[in-house]
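Undergrad: I'd like to ask you about the structure that follows.
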Amino acid sequence: MKPAKFEYVLPSTVGAAVAALVASKGEGKVLAGGQSLLPLLNFRMARPAVLVDLNAISGLSYIEERSDRIAIGALTRHRELEQSPLIAAKLPVMAAAMRHVAHLAIRNRGTIGGSLSHADPAAELPMLSVFYDATISVQGPDGRRTIAAEEFFVDALTNCLEPEEIVVEIEFPILQHDGWAFEEVARRFGDFALASIAVSVRPGPAGLKEARVALMGVADTPLRLREAEQELIAMELDNRTPQRFSEIVVSKVSPNDDLHASGEYRKHLLAQLSKRALQTALAAKG
């Protein structure tokens, strides 16, 4: 199939892009990498009256260290994140996860802003933004505002953006990763995840003083398991800790059945991935 008829706009500034969306009166769509939107257009699951292409806007593709944060422009391609020495050094969980994002052709074109805006619950970048406590800067007719990643994702394929707003930048705090792990299962490498987990830990005088846990593929949005983090910190570390952690993680989710896998199968996968991830993170912390 081919897309329904639409007007094509190629603005050279973010302000002009926002103005085009305002003029569309809610009937516009933003094109960044196009890896999610173009299939929807071809199947006529999306029928915008106006397509606003951001690719002529300079200055929206970058990876910069700013004190204790990494700032990433919305048009930065997945492949740039995958190959960046700065991402590998400062955001290692992201570097590990990017190898699982789709396939090379898609990583060459897909953008971080597009992935976050698409809000697929089985996509890696939305989960990473929640894991890292990222802040997402968006621009609309009233100027810029920032949104916490956990507030950005509302439901499957649904974000909290207003129709005239565009993601322009994402900031990721630089964590002190003493031990970390990323685990994912998909039917084929590069497919959307059936279940995935990211874990990081920091040791304290006794046990752990910090822990982070995030999931994807098991709910309608990416999940940060803050209760599980606190329970992990409270544990006495021994050989049974990964198993106990696995049981806690599984108790926090209730995946639905779908055409890809049953909810029970996703919970089984998550149990195994959780155990393996914590074993890796604890071994790496030294």
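Undergrad: Calculate one ³J(HN,Hα) per residue across region 70-79 by plugging θ = phi - 60° into the Karplus curve 6.51 cos²θ - 1.76 cosθ + 1.60, and present them in order as whole Hz with x for glycine and proline.
TA: 10, 9, 10, x, 5, 8, 5, 7, 4, 5
Undergrad: Going toward the positive end of the dipole of the chain, with +1 on Lys and Arg Cβ and -1 on Asp and Glu Cβ, which of 262, 160, 241 do you reach last?
TA: 262
Undergrad: Neighbouring Cβ atoms within 10 Å as the yardstick, rank 150, 80 fewest first. Walk me through the numbers on the way to the answer.
TA: On the way: 150 16, 80 20.
So the ranking, lowest neighbour count to highest, is 150, 80.
Undergrad: While we're looking at this one, here's another question. For the chain, list the DSSP H helices whose alpha carbon atoms reach 18 Å or more along the long axis and whose average Kyte-Doolittle value is -0.5 or above?
TA: Result, helices passing both filters: 263-284.
Undergrad: Here's a follow-up. Show me 245-251, 92-98 ranked by packing, highest mean number of other Cβ atoms within 10 Å first.
TA: 92-98, 245-251
Undergrad: Whole-Hz Karplus ³J(HN,Hα) for region 135-148, in order, using 6.51 cos²θ - 1.76 cosθ + 1.60 and θ = phi - 60°, x for Gly and Pro?
TA: Calculated HN-Hα couplings, in order: 10, 10, 8, 10, 10, x, x, 9, x, 9, 9, 10, 10, 5 Hz.
Undergrad: What ³J(HN,Hα) values, in whole Hz, does the Karplus curve 6.51 cos²θ - 1.76 cosθ + 1.60 give for region 28-43 when θ = phi - 60°, with x put for Gly and Pro?
TA: Coupling constants for region 28-43: x, 10, 9, 10, 10, x, x, 6, 9, 6, 4, x, 5, 5, 5, 8 Hz.
Undergrad: Round to a whole angstrom and tell me the spacing of the C-alpha centers of region 1-30 and region 55-101.
TA: Taking the Cα centre of each part, region 1-30 and region 55-101 sit 26 Å apart.
Undergrad: Something else now. For region 34-50 and region 134-190, what is the separation of their C-alpha centers, rounded to whole Å?
TA: Cα centres, region 34-50 to region 134-190: 21 Å.
Undergrad: Here's another thing I want to ask about it. May I ask for the net charge around residue 132, where only other residues with Cβ less than 15 Å from the Cβ of residue 132 are counted and Lys, Arg are +1 while Asp, Glu are -1?
TA: Charge balance in the 15 Å sphere: -3.
Undergrad: On to the next question. Can you flag which of 90/252; 252/275; 209/252; 29/90 are past 23 Å Cα-Cα?
TA: On the way: 90/252 29 Å; 252/275 15 Å; 209/252 21 Å; 29/90 33 Å.
Correct reply: 90/252; 29/90.
Undergrad: Which net charge results for the neighbourhood of residue 224, defined as the other residues with beta-carbon distances under 11 angstrom from its beta-carbon, given Lys and Arg at +1 and Asp and Glu at -1?
TA: -1
Undergrad: Below 11 angstrom from the Cβ of residue 244, what's the summed charge of the other residues (Lys, Arg +1; Asp, Glu -1)?
TA: Once positives and negatives cancel, what remains is -2.
Undergrad: What ranking do 191, 257 get, fewest neighbouring Cβ atoms within 10 angstrom at the top? Kindly include the intermediate steps, with their values, before the conclusion.
TA: On the way: 191 15, 257 11.
Ascending Cβ contact count within 10 Å gives the list 257, 191.
Undergrad: Let me ask something else about it. Quick check on the exposure proxy: order 182, 172 from fewest to most C-beta atoms within 10 angstrom.
TA: Sorted ascending by nearby Cβ count, the order is 172, 182.
Undergrad: Of the candidates 205, 141, 39, which one comes out as most mobile in a Gaussian network treatment of the chain with C-alpha springs shorter than 10 Å?
TA: Fluctuation is largest for 205.
Undergrad: While we're looking at this one, here's another question. Relative contact order for region 167-206: what percent, with Cα pairs under 8 Å and sequence separation of 6 or more? Please report the intermediate quantities before stating the final value.
TA: Numbers: 40 pairs, mean separation 15.8, N = 40.
Once normalised by length, the contact order is 39 percent.
Undergrad: Given the -39500 (n - 2.57) contribution per DSSP H run of 4+ residues, what per-residue ellipticity at 222 nm results for the chain, rounded to the nearest 500 deg cm²/dmol?
TA: Here the helix-only value at 222 nm equals -10000 deg cm²/dmol.
Each value in this text was obtained by applying a stated rule to the coordinates, not by laboratory testing. What you are looking at is a predicted structure, and each value in this text was computed from that prediction instead of being measured. Here the Cβ is made from the backbone with ideal geometry for all residues, glycine too, and neighbour counts use every protein chain on show.
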